[in-house]
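Input: a single structure, listed below in structure tokens.
Read-outs throughout are calculated quantities, based only on the coordinates presented, and are distinct from any laboratory measurement. Only a predicted model underlies this, so the values are computations on that prediction, with no experimental measurement involved. Neighbour counts run over all protein chains shown; Cβ positions are idealised from the backbone, glycine included.
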Amino acid sequence: MVRLMGSLNIEIVYDDDPWKAVTVLWVSRHRPLPAQVKELRRKLGKVRVVMLSGIIPNAEFVADIATKFGASYVVPVLPLPFIARLVELGEKQGFKVLFARMRVIAEVKNFREALKVVAEAPDKRVVTTYADGTAKVHEFVSFELVKEVKVVTEPW
């Protein structure tokens, strides 16, 4: 792992073949699940997954890291405005943005109970905890190509 600036870290978490693999920049505090890596391999062949974690300053920073590592795809777990800007930058800089579709399969008050649900399929499930003490178990469904991010509002 390499520490970039302050709280930013970057590391190669999967590398099938450094010369022939498709590079995916994974921007999240969580490592990709085995089922996610398996799906990337199914779609892309050999993959190299570079993980960027920490406090991300802006989408331009992510795009620069993607370019430096030669990433063909970026999988961001970031706020919508960041993702929208990444889609724009990707069109200019030659990478595509993927969304990891997850579904909530359980919401519980007891973290240990959530871990039991994860243990039923640990390769595709993860627990997210919230400030109110609840825990949600999310299960990976698929990757989707992000073409556009649009926020539509109305007076409230």
The chain: angle of helix 34-44 to the longest principal axis, Cα-based, in degrees nearest 10: 30
Quick one: compute the contact order of the stretch 69-156, relative version, from alpha carbon pairs under 8 angstrom and 6+ residues apart, as a percent. 32
What is the ratio of the Cα radius of gyration of the stretch 76-146 to 2.2 N^0.38 Å, with N the residue count, to two decimals? 1.38
Proxy exposure order for Thr129, Thr134 (fewest C-beta within 10 Å first) is Thr129, Thr134
Length-normalised contact order of the chain, Cα under 8 Å, at least 6 apart, in percent, tallies to 21
Flagged links, alpha-carbon separation over 29 Å, of Lys96/Lys116; Lys38/Lys116; Lys46/Lys124; Lys38/Lys109: Lys96/Lys116; Lys38/Lys109
Cα-derived Rg to Rh of the stretch 101-141, Kirkwood definition: 0.94
Let me know the Rg and Dmax you get for the chain when you use only its Cα atoms, in Å. 16.4, 53
Residue list for the stretch 63-88, given a label point 7 angstrom along the Cα-to-Cβ vector of Val152 and an amide N cut-off under 19 Å: 80-81, 84
How high is the relative contact order of the stretch 1-63, in percent, counting Cα pairs under 8 Å that sit 6 or more residues apart? 44
